[in-house]
1. Counting only heavy atoms of protein chains, what accessible area per residue, in Å², does the chain have with a probe of 1.4 Å?
2. Just Ala103, Ala95, Ala80 to compare: in a GNM of the chain, with alpha carbon springs under 10 Å, which one fluctuates most?
3. With a sphere of radius 15 Å drawn around the Cβ of Pro143, what net charge do the other residues whose Cβ falls strictly inside it have (Lys, Arg +1; Asp, Glu -1)?
4. Rank Asp100, Asp138, Asp51 by mean-square fluctuation in a GNM of the chain with C-alpha springs under 10 angstrom and give only the top-ranked residue.
5. Let's test the formula: R0 of 35 Å, r as the Cβ-Cβ distance of Leu94 and Leu20. What FRET efficiency results, to the nearest 0.05?
6. Based on Cβ point charges of +1 for Lys and Arg and -1 for Asp and Glu, what charge dipole magnitude is obtained for the chain about its Cα centre, in debye rounded to the nearest 20?
7. Suppose only helical runs count, i.e. DSSP H with n ≥ 4. What mean residue ellipticity at 222 nm does that imply for the chain under -39500 (n - 2.57) per run, divided by all residues and rounded to the nearest 500 deg cm²/dmol?
8. Using bins 10 angstrom wide from zero, how does P(r) for the chain break down, in % of all Cα pairs?
Amino acid sequence: MRIAIASDHAAFDLKGELALWLGQLGHTVSDLGPHSADRVDYPDFGYKLADAVASGDAERGIALCGSGIGISIAVNRNPALRCALVSEPLSAALAREHNDANAIAMGARLTGIDMAKACVEAFLATPFGGGRHAGRVDKLSHPPIVEVTR
């Protein structure tokens, strides 16, 4: 599988470990950065990951930051992405089965390497359930136009 992975500085080490492990499992991994532990802004890397998945360059995405929250918000700004913040394998599996998630986010300050690997395994192994979930997923990709007033 083609997998894009991106992080901020807080999750730089976790990103490296997961990218190496995924490569060893035979996946094609695109490390979208950052390429050092220097301070960066997570939205920049969340947007890169979203673009890679939306364009088809990657089939799935893994987004990482300190908590996982900020980068998941950035990824989900792209209407083609359904990025779920996960913390254990059940939430990762349900994100795929019920929501057809094409990306997951995790927090490096909250999730250790073994739990992160278990989440990724569940995310990659679980198929979308379709059926009653399909219409809901379609609505996620086609939100109503909301006029913003200030």
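The values are calculated or read from the model by the stated rules, or taken from the named source; none is laboratory data. Predicted, not measured: the structure shown is a model, and the values here were computed from it. Note that each Cβ is placed from the backbone with ideal geometry, even for glycine, and that neighbours are counted across all protein chains shown. Surface accessibility is based on the protein's heavy atoms, side chains included, excluding ligands, DNA and RNA. Shrake-Rupley method; radii C 1.70, N 1.55, O 1.52, S 1.80 Å.
1. Values: 7840 Å² over 150 residues.
Ligands and nucleic acids excluded, the figure is 52 Å² per residue.
2. Of the options given, Ala80 has the highest mean-square fluctuation.
3. Values: positive: Arg77, Arg82, Arg136, Lys139; negative: Asp138, Glu147.
Overall, the nearby charge balance is +2.
4. Most flexible of the set in this elastic network: Asp138.
5. Values: r = 27 Å, r/R0 = 0.77.
It comes out at approximately 0.85.
6. Values: 14 positive and 17 negative charges, 83 e Å.
Computed charge dipole of the chain: roughly 400 debye.
7. Working: 6 runs with 66 residues, N = 150.
Calculated mean residue ellipticity at 222 nm is -13500 deg cm²/dmol.
8. Per 10 Å bin, starting at 0, the Cα pair percentages come out as 13, 44, 33, 9, 1, 0.
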